[in-house]
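Each remark here refers to the structure printed beneath this line.
The values are calculated or read from the model by the stated rules, or taken from the named source; none is laboratory data. Keep in mind that what you see is a predicted model, and the values were worked out from it rather than measured. Reconstructed Cβ throughout: ideal geometry from the backbone, glycine too, with neighbour counts over all protein chains shown.
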Amino acid sequence: MSTSPEIRSRIVWDYAPAPESPDHVRLRDSYGLFVDGDFRDPVDGTRVPTLNPATEEPVAEIAFAGPADLRRAVEAGRRAQPGWAALSGLERGKYLFRIARLIQERARELAIVESLDGGKPVRESRDVDVPLAAAHFFHYAGWADKLAYGVGGRAVEPLGVAAQIVPWNFPLLMAAWKLAPALACGNTSVLKPAETTPLTALLLAEILQEAELPPGVVSIVPGDGAAGAALVRQPDIDKVAFTGSTGVGKDIQAALAGRGVSLTLELGGKSANIVFEDAALDQAVEGIVNGIFFNQGHVCCAGSRLLIQESVADTVIGKLWERMGRLRVGDPLDKNTDVGAINSLEQLERIRSLVSAGEEEGAVRRSIACELPERGWWFAPTVFTEVAPAHRIAVEEIFGPVVSVLTFRTQAEAIEKANNSTYGLAAGIWTDKGAKAFEVASALQAGVVWQNTYNHFDPTAAFGGYKESGFGREGGPAGLRPYLRVT
Ligand code: NDP
């Protein structure tokens, strides 16, 4: 007997749990600061547990750097820098290749630890974060002996010691984005991971040891916001590269004013994902889901403002709601999980407060019904309709699994609404017409524009923002420039 396609599509498949086992992961009980080639006790820092956001249980104890520790790390970077820069590009490249291969060898362990420490689904850590981190090292390993080609054949030299601060949403991947180009160009680095997600950076420190990277070329100093603020104020640094919130980015810019320290800022976003009526709508719905629910929406370029052409708005919202109902929220270590835990209680409260503001301002909220675990920090995937451009949920970065829907009638209106933001990090365009996509893309004030896809990253492509989303580019040959003095 044949089943009609309509009935078949209504079958709801249930999944057996498919937990990834953390048994083979050998974490230490306590991690020191990685300074001058070794793990060391903090001089004037503290020790703090890092928590699993899905259980609120401690995963390991982490040393946090104090001012003297930061100074020591910068001094180690200063001592190591001339020797590192004096190596031929080919030799520096060999180290980067080795690091990339070691990341690949320890991929499974890194993926599990990323999910344990940060709450993201292991499917994402395994398929996105870790392979891309290795790919960034491979990519810049290839550039290390071709630097002049990356900047139009001009003579280049490294800047010196880089202070690099990364956030908690892609801990290992952001460390790779920062370290790979800095090292390829002959700089040394002091890297500060985020307070809530230091673990994979510390495993990376073990990898650097195994790769026999000369001591001091990279120091990894976990710490809180105060440590980040103190690091950028160290007198003997030549470069700051920061990824995080716009507020902190502005503070860093002010702190560096007049000091002749080069700066790259990769800040927040409120990116528009634009669906035209001629788009393949089912494909667009998958892109909307990937755009906002990937990594619980903790993504600087998340497609958090969904702009739908009015003629297809009801259809797209209906399909989106149905698709959202099939998202599996829960244990980050379950390979079937689509949406994991919110990274910290602080971030959960920020999401809750903006969602309440959305309701108070009159937008219509729908959150999917799902059983959320009792312990840990969770937020059900949510869509807001009836959103006005001035609502806080259409203006401010929520950084959670929450999408705000606005509509438009014409292409010009779509462009105007998309650009109506203080941010300008990314955008998505869904249309079947190539010419329209190019026309709209060139009118958008966004550093990255995806056509008929979203949240796709590639180490060969430049990534970075317009307006309050920051400046400087990471990835590809453009990512060399912020780490070089071009003469
Ligand atoms: P922050 O900008 O505070 O954190 C990013 C990094 O900067 C972390 O390592 C942090 O350390 C460090 N830091 C904090 N304060 C300072 C300072 N004064 N000087 C130098 N470094 C500092 O982001 P939050 O974690 O507070 O998140 C707040 C909001 O920022 C989110 O809701 C989201 O909207 C946005 N955000 C955007 C990101 C992006 O990729 N564009 C990434 C993360 C957040 P510590 O972790 O110890 O605080």
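Here are a few things to note about the model shown:
- Within the stretch 295-308, being closer than 16 Å to Phe457 by Cα and within 13 Å of the ligand (Cβ to nearest atom) holds for Asn295, Gly297, His298, Val299, Cys300, Cys301, Ala302.
- The residues in the stretch 1-52 that are at pLDDT below 95, exposed (fewer than 11 other Cβ atoms within 10 Å of the Cβ) and touching a strand residue (DSSP E or B) at 6+ places or on another chain (Cβ under 9 Å) can be counted, and the count is 1.
- Hey, Gly269 within 11 Å of the ligand (Cβ to nearest atom), assigned to a loop (DSSP other than H, G, I, E, B) and in contact with a Cys (Cβ under 9 Å, 6 or more places away or on another chain) or not: yes
- Some residue of the stretch 162-181 being modelled with pLDDT of 95 or more, more than 14 Å from the ligand (Cβ to nearest atom) and part of a loop (DSSP other than H, G, I, E, B): no
- Looking across the stretch 80-91, the residues that are out of contact with any Asp or Glu (no Cβ under 8 Å at 6 or more places or on another chain) and farther than 17 Å from Ile220 by Cβ come down to Pro82, Gly83, Ala86, Leu87, Glu91.
- Residue among Leu204, Leu213, Leu191 that is outside any helix (DSSP H, G or I) and within 16 Å of the ligand (Cβ to nearest atom): Leu191
- Residues of the stretch 64-102 that turn out to be over 27 Å from the mean Cα position of the chain (by Cα) and of a type in the set (A, V, I, L, M), as a count: 7
- Where a residue in the stretch 265-286 is aromatic (Phe, Trp, Tyr) and its partner, wherever it lies, is more than 16 Å from the ligand (Cβ to nearest atom) and part of a loop (DSSP other than H, G, I, E, B), with Cβ under 9 Å and at least six apart: Phe276/Thr431; Phe276/Asp432; Phe276/Lys433
- Taking the criterion of being in contact with a Ser or Thr (Cβ under 8 Å, 6 or more places away or on another chain) and either crowded, with 22+ Cβ neighbours inside 10 Å or more than 28 Å from Asp129 (Cβ to Cβ) (or both), the residues of the stretch 446-463 that qualify are Ala446, Gly447.
- Exactly one residue out of Glu346, Glu416 is assigned to a helix (DSSP H, G or I), within 16 Å of the ligand (Cβ to nearest atom) and either in contact with a Ser or Thr (Cβ under 6 Å, 6 or more places away or on another chain) or of a type in the set (D, E, K, R) (or both), and it is Glu346.
- Between Asp314, Asp331, the distinction of being under 25 Å from Pro22 (Cβ atoms) and either in contact (Cβ under 8 Å) with a residue 12 or more places away in the chain or surrounded by fewer than 21 Cβ atoms within 10 Å (Cβ to Cβ) (or both) belongs to Asp331 only.
- Being part of a loop (DSSP other than H, G, I, E, B), touching a strand residue (DSSP E or B) at 6+ places or on another chain (Cβ under 8 Å) and more than 16 Å from the ligand (Cβ to nearest atom) is a condition met by no residue of the stretch 219-230.
- Filter pass, Lys436 being part of a helix (DSSP H, G or I), touching a Pro at 6+ places or on another chain (Cβ under 8 Å) and surrounded by fewer than 23 Cβ atoms within 10 Å (Cβ to Cβ): no
- For the stretch 231-250, taking the residues that are assigned to a helix (DSSP H, G or I) and surrounded by fewer than 16 Cβ atoms within 10 Å (Cβ to Cβ), the one that is nearest to the ligand (Cβ to nearest atom) is identified as Gly247.
- Being buried (at least 20 other Cβ atoms within 10 Å of the Cβ) and within 21 Å of Ser421 (Cβ to Cβ) holds for only one residue in Gly470, Gly475, and it is Gly470.
- Of the numbered criteria (1) over 22 Å from Asp129 (Cβ atoms); (2) over 21 Å from the mean Cα position of the chain (by Cα); (3) touching a residue at least 40 places away in the same chain (Cβ under 8 Å), the one Pro235 fails is (3).
- Close Cβ contacts (under 9 Å, 6 or more residues apart or on different chains) running from residues in the stretch 413-441 that are within 18 Å of Leu281 (Cβ to Cβ) and modelled with pLDDT of 95 or more to residues that are of a type in the set (Ser, Thr, Tyr) and surrounded by 18 or more Cβ atoms within 10 Å (Cβ to Cβ) comprise Gly428/Ser271; Gly428/Tyr454; Trp430/Tyr454; Ala437/Thr431; Val440/Thr431.
- Among the residues making up the stretch 253-266, a single one is within 11 Å of the ligand (Cβ to nearest atom), closer than 25 Å to Glu75 by Cα and buried (at least 22 other Cβ atoms within 10 Å of the Cβ): Leu265.
- So Tyr149, is it more than 16 Å from the ligand (Cβ to nearest atom), over 16 Å from the mean Cα position of the chain (by Cα), at negative phi and surrounded by 24 or more Cβ atoms within 10 Å (Cβ to Cβ): no
- Residues that are more than 21 Å from the chain's Cα centre (by Cα) and either farther than 19 Å from Ile317 by Cα or part of a loop (DSSP other than H, G, I, E, B) (or both), drawn from the stretch 389-413: Pro389, Ala390, His391, Arg392, Arg409, Thr410, Gln411, Ala412, Glu413
- For the stretch 349-388, a residue qualifies if it is within 16 Å of the ligand (Cβ to nearest atom) and part of a helix (DSSP H, G or I), and the qualifying residues are Glu349, Arg350, Ile351, Arg352, Ser353, Leu354, Val355, Ser356, Ala357, Gly358.
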